[in-house]
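Nothing in this text is a laboratory measurement; each read-out follows from the coordinates by a stated rule. What you are looking at is a predicted structure, and each value in this text was computed from that prediction instead of being measured.
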Amino acid sequence: MADDTTGSDTIYPIPSGYTRWAGGDCPVDPETTVIVQFRDGLSTRAIKANKLWWHHKPQNDDIVAYRTLP
């Protein structure tokens, strides 16, 4: 899958252990705890998936990668 740079001039590497995300419906159960990386390179703390916007707008706060937590 090609990198989607819309909304940002910088491509941030996807951290090891994360799944690349190109936008769309939430890819995990809404009650799953996740950490996500945004297009601008920032990450969240652990948060329930249903608290996030998974579709792309495209803007710097689009989720570009995620990982699930136990």
Review point. Which value results for Rg/Rh of the range 16-70 when Rg is the Cα radius of gyration and Rh the Kirkwood radius based on the inverse mean 1/r?
Key: 0.91
Point to revise | In Hz, Karplus ³J(HN,Hα) per residue of the range 35-52 (6.51, -1.76, 1.60; θ = phi - 60°; x = Gly, Pro) | key: 10, 10, 10, 8, 3, 7, x, 6, 10, 9, 7, 4, 8, 5, 4, 6, 8, 10
Review point. Which ³J(HN,Hα) values in Hz, rounded to whole numbers, follow from the phi angles of the range 61-66 under the Karplus curve 6.51 cos²θ - 1.76 cosθ + 1.60, where θ = phi - 60° and Gly and Pro get x?
Key: 9, 5, 6, 10, 7, 8
**Study point:** Other-chain or far-sequence residues with amide H under 5 Å of Val64's (modelled H)
**Key:** Gln37, Phe38, Arg39
Exercise for review: May I ask you to compute the full-extension gain from Asp25 to Ile47, defined as 0.36 nm times their residue separation minus their alpha-carbon distance, rounded to one decimal in nm?
Suggested key: 6.2 nm
Point to revise | Hz values of 3J(HN,Hα) by residue in the range 17-31 - Karplus curve (6.51, -1.76, 1.60), Gly and Pro given as x | key: x, 9, 9, 4, 10, 10, x, x, 5, 3, x, 10, 4, x, 8
